[in-house]
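A.B. asks: Have a look at the structure that comes next, please.
None of the figures in this text is laboratory data; all of them are computed from the coordinates on show. Keep in mind it's a predicted model, so treat the numbers as computed, not measured. Note: ideal-geometry Cβ built from the backbone for every residue, glycine included; neighbour counts use all protein chains shown.
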Amino acid sequence: MITCSAPGKIYLFGEHAVVYGHSAICCAIDLRTRVQAAKHDSFIIGSVLGTTGLDLEVHPYVSKVIEMMQDYKRIEGVRIRIESELPVGSGLGSSAAVTVATIQALNQLYACGLQLEDVAGMAHSIEREVQGNASPTDTYVSTMGGVMLVPERRKLKGLDCQIVIGNTGKFSSTKELVSNVAKLRQEFPEIIDTILGDIGKMAHIAEEHVNRKDYGTIGKLMNVNQGLLDAIGVGGAELSELVYAARNAGAISSKITGAGGGGCIVALAGREDADEVFRAIKNTGAQAILTRNTHEGVRMEP
Ligand code: PMV
């Protein structure tokens, strides 16, 4: 039996802009999805969603992984058990984490010889197949860990500060929000293109500050990025409430992470302020999660 785990992620900068080829900075977080895989005489996939066989409705990512791994080794049956610390469908990369961890678990169990780049590539093609469209960011960061400038794929220094996540619990459809931004861009091309370009520039400016661990400057830029996300229409009252609750409680910065509309915000905080930020988010009635950056991408568990 093999157990592998892979982390979720938050965006420090650049969601939506990355869809148009601009840069983004993405950070793996220490909330992981664990996948246990054992050889078996039939296919069994178990998670909080239930226990199924190969099932593209209930377990589309894992079922697709098993299907695709058949190109490397004949798999007659396998028992998969999934456990996750990541809230599902809230912009924290839960689907990328389960896909990456499952590929690596089967890669190890059947000695397929896939390298990390292959794992990331296969995970991206599965996300694209299941979701219709997906950028390679989530799957790449979940595989490699750390902090990454994408699409350049440059690894930056790790973040030492606390990361506090606020989850509105409101469903957010990445597809719908990406399409809303596209419509707004069609209507006001000069304005929206300038904003998206500015978000990308911010990721580039921030690269150096991340590497110097200058959290004050990173924070200022993240707050500007938040304003621009609001400007392109992916904010909302629930998200803004969490953004300002975090800032008022002493966060270095706070912004939407991921597609927006609903889903999560991310706040950076110093060690002494993190608990206060956590409480402030919780007091709004939202789910608060305290975590950190992890340099570890997909890994084998003991
Ligand atoms: O909400 P998430 O984690 O699916 O992130 C979406 C990020 C976008 O830039 C809006 C879309 C993408 O595919 O990069």
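A.B. asks: In this model, which of 175/282; 157/255; 9/201 are farther than 24 Å apart at the alpha-carbon? It would help to have the intermediate numbers written out before the result.
C.D. replies: Numbers: 175/282 28 Å; 157/255 21 Å; 9/201 21 Å.
Result: 175/282 exceed 24 Å.
A.B. asks: On to the next question. What is the fewest-to-most order of 188, 13 by other Cβ atoms lying within 10 Å of their Cβ?
C.D. replies: On the way: 188 12, 13 29.
The order, fewest Cβ neighbours first, is 188, 13.
A.B. asks: Please give the per residue volume of the convex hull enclosing the alpha carbon atoms of region 1-124, rounded to a whole number of Å³. Let's see the in-between values first.
C.D. replies: On the way: hull volume 13.4 nm³, N = 124.
Normalising the Cα hull of region 1-124 by residue number yields 108 Å³.
A.B. asks: Roughly speaking, what % of Cα-Cα pairs in region 99-229 are separated by over 27 Å, rounded to a whole number? Could you put the intermediate results ahead of the total?
C.D. replies: Working: 2978 of 8515 pairs.
Above the 27 Å cut-off, region 99-229 has 35 percent of its Cα pairs.
A.B. asks: Grab the DSSP H runs of the chain that are 4 residues or longer, score each as -39,500 (n - 2.57), total them, divide by all residues and round the 222 nm result to the nearest 500 deg cm²/dmol. Working shown, then result.
C.D. replies: Working: 9 runs with 126 residues, N = 302.
Helix contribution divided over all residues of the chain: -13500 deg cm²/dmol.
A.B. asks: Got a sec? Which residues in region 217-234 would a label at residue 244 touch, if it sits 7 Å along Cα→Cβ and we count backbone N under 20 Å?
C.D. replies: So the set is 220-234.
A.B. asks: Here's something else I'd like to know. To one decimal place, what orientation-averaged projected area in nm² is obtained for the convex hull of the Cα set of region 159-291?
C.D. replies: Working: hull surface 30.4 nm².
Averaging across all directions leaves 7.6 nm² for the Cα convex hull.
A.B. asks: Which whole-number value in Å³ per residue fits the convex hull of the alpha carbons of region 43-113?
C.D. replies: Values: hull volume 5.9 nm³, N = 71.
Normalising the Cα hull of region 43-113 by residue number yields 84 Å³.
A.B. asks: Could you give each residue of region 221-231 its phi-based ³J(HN,Hα) in whole Hz, using Karplus coefficients 6.51, -1.76, 1.60 with θ = phi - 60°, and x for Gly or Pro?
C.D. replies: Working through the residues one at a time gives 5, 4, 5, 5, 4, 4, x, 6, 5, 4, 4 Hz.
A.B. asks: To the nearest 0.05, what FRET efficiency results for residue 118 and residue 296 with a Förster distance of 22 Å applied to their C-beta separation? Intermediate results must be reported in sequence, preceding the final value.
C.D. replies: Numbers: r = 19 Å, r/R0 = 0.84.
Step by step, r from the Cβ atoms, then E = 0.75.
A.B. asks: If I take every Cα pair under 8 Å that is 6 or more residues apart in the chain, average their sequence separation and divide by the length, what percent do I get for the relative contact order?
C.D. replies: On the way: 706 pairs, mean separation 78.9, N = 302.
Dividing the mean separation by the residue count of the chain yields 26 percent.
A.B. asks: Return the inverse of the average 1/r over all pairs of distinct C-alpha atoms in region 112-163, which is the Kirkwood hydrodynamic radius, in Å to one decimal. Before the final figure, lay out the partial values.
C.D. replies: Numbers: mean 1/r = 0.0829 Å⁻¹.
The Cα-based Kirkwood calculation yields 12.1 Å.
A.B. asks: Starting from the Kirkwood radius over alpha-carbon pairs of the chain, derive D by Stokes-Einstein at 20 °C in a medium of 1.002 mPa s and give it in µm² s⁻¹.
C.D. replies: Roughly 111 µm²/s, to the nearest whole number.
A.B. asks: Ok, one more. Give me the number: length gained by fully extending residue 68 to residue 205, i.e. 0.36 nm times residue separation minus the C-alpha to C-alpha distance, one decimal in nm.
C.D. replies: Values: separation 137, 0.36 × 137 = 49.32 nm, distance 3.93 nm.
Contour length minus Cα-Cα distance gives 45.4 nm.
A.B. asks: Here is a further query. What FRET efficiency do you get for residue 271 and residue 187 if R0 is 30 Å and r is their Cβ-Cβ distance, rounded to the nearest 0.05?
C.D. replies: Numbers: r = 45 Å, r/R0 = 1.49.
Working from the Cβ atoms, E equals 0.10.
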